[in-house]
Amino acid sequence: AQSVAQPEDQVNVAEGNPLTVKCTYSVSGNPYLFWYVQYPNRGLQFLLKYITGDNLVKGSYGFEAEFNKSQTSFHLKKPSALVSDSALYFCAVRDRVSGGYNKLIFGAGTRLAVHP
Amino acid sequence: NAGVMQNPRHLVRRRGQEARLRCSPMKGHSHVYWYRQLPEEGLKFMVYLQKENIIDESGMPKERFSAEFPKEGPSILRIQQVVRGDSAAYFCASSPGTGGETDTQYFGPGTRLTVL
């Protein structure tokens, strides 16, 4: 079965420091991977995705993610965190078992807290 | 280009009543997905629809839940005879297609259903 794991419930970072939010996946075949961010009482906002090509994917708001096939990981990173980055982050993988369309399987989410 | 629209944003129902949630996809998007988010959890896929067709309803409970996406008008998620366990945030997402650059899902703000 295809799945996504976000091993950390919460990540705490000081403003200005680099941040990493971890994600590992389990799929059959080549994965399509996504990161979304959710602010309180809001919907999910798309940050970035990996389909193919460069392992380092750049996305919105200065975020990037590194695809590592050997470690089956897709960690989200940002060189310098902002207090406004504090939110809930979800990693997701596209379910390719179901015929190729874009049913997403989400991780449980990681809450990022950036302290001034 | 307006984003995905959902209404109502908040819905309160008593046990046994019906809940009707609406989703208008982004302009030009013909693929609609419904997800449910329980408190402090990730999103779980419920159903995928294209215009006038249900493509996959494998994540939707077999009883009391139904979904439609008519030729004209918004997609509707309908929950009959609601129970307290139906209390959750329901998110709609849309995409223009299902391959490569067209498969990114964009999410609406969600409908928060509370069953008393």
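Every read-out reported here was derived from the displayed coordinates using simple, explicitly stated rules and does not represent laboratory data. Everything numeric in this text was worked out from a predicted model, so none of it was measured. Cβ atoms come from the backbone with ideal geometry, glycine included; neighbour counts cover every protein chain shown.
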Notebook entry, point to check: Do any of A:Lys78/A:Lys103; B:Lys27/B:Lys51; A:Lys58/B:Lys27; B:Lys27/B:Lys71 go past 20 Å between their Cα atoms, and which?
Noted result: A:Lys78/A:Lys103; A:Lys58/B:Lys27
Checklist line | Rounded to whole Å, sorted largest first: equivalent-ellipsoid semi-axes of chain B, Cα gyration tensor | finding: 23, 14, 13
Next item on the list: At q = 0.19 Å⁻¹, work out log10 I(q)/I(0) for the stretch A:23-116 with the Debye formula, treating every Cα as an identical point scatterer and leaving solvent out; two decimals please.
Entry: -0.90
Checklist line | Rg/Rh for the protein assembly as shown, where both radii come from Cα atoms and Rh is the Kirkwood radius | finding: 0.97
Check: How large is ³J(HN,Hα) for each residue in the stretch A:42-48, as worked out from phi by the Karplus curve 6.51 cos²θ - 1.76 cosθ + 1.60 (θ = phi - 60°), to whole Hz, x for Gly and Pro?
Finding: 10, x, 7, 10, 5, 9, 6
Item checked: DSSP-defined beta bridges in the protein assembly as shown - what % are antiparallel, rounded to 5 -> 90 percent
Note to self: Averaged over its residues, how many other protein chain Cβ atoms are within 10 Å of peptide A:34-41's Cβ atoms?
What the structure shows: 3
Check: Counting Lys and Arg as +1 and Asp and Glu as -1, what is the net charge of the other residues whose Cβ lies under 10 Å from the Cβ of A:Leu33?
Finding: +2
Note to self: From Cα pairs below 8 angstrom and at least 6 apart in sequence, can you work out the relative contact order of chain A, rounded to a whole percent?
What the structure shows: 36 percent
Note to self: Only four residue types carry charge here, +1 at the Cβ of Lys and Arg and -1 at the Cβ of Asp and Glu. Report the dipole size of the protein assembly as shown about the Cα centre in Debye, rounded to the nearest 20.
What the structure shows: 640 debye
Next item on the list: Could you pull out the trypsin sites (Lys or Arg not before Pro) across the stretch B:41-116 that fall in loop regions by DSSP (anything but H, G, I, E, B) with no more than 15 other Cβ atoms inside 10 Å?
Entry: B:Lys51, B:Lys62, B:Arg64, B:Lys71
Margin query: Just to check I understand the Karplus step: with θ = phi - 60° and J = 6.51 cos²θ - 1.76 cosθ + 1.60, what whole-Hz values come out for the stretch A:59-66, glycine and proline as x?
Written below: x, 6, 6, x, 7, 9, 9, 10
Check: Which residue, A:Tyr39, A:Tyr25, A:Tyr50, has the most motion in a Gaussian network model of chain A that connects Cα atoms within less than 10 Å?
Finding: A:Tyr39
Notebook entry, point to check: From the phi of every residue in the stretch B:36-50, what ³J(HN,Hα) in whole Hz does the Karplus formula 6.51 cos²θ - 1.76 cosθ + 1.60 yield, where θ is phi - 60° and glycine or proline is x?
Noted result: 10, 10, 7, x, 6, 10, x, 7, 10, 4, 10, 7, 10, 10, 10
Checklist line | Distance in nm between pseudo-label sites at B:Ser87 and A:Val83 (7 Å out along the Cβ direction from Cα) | finding: 3.3 nm
Next item on the list: Treating cross-link reach as a plain straight distance, find the aspartates and glutamates whose alpha-carbon is under 19 Å from the alpha-carbon of A:Lys49, omitting any fewer than eight places away in the same chain.
Entry: A:Glu64, A:Glu66, A:Asp85, A:Asp95, B:Glu101, B:Asp103
Notebook entry, point to check: In peptide B:43-51, what is the residue-averaged number of other protein chain Cβ atoms found within 10 Å of each Cβ?
Noted result: 3
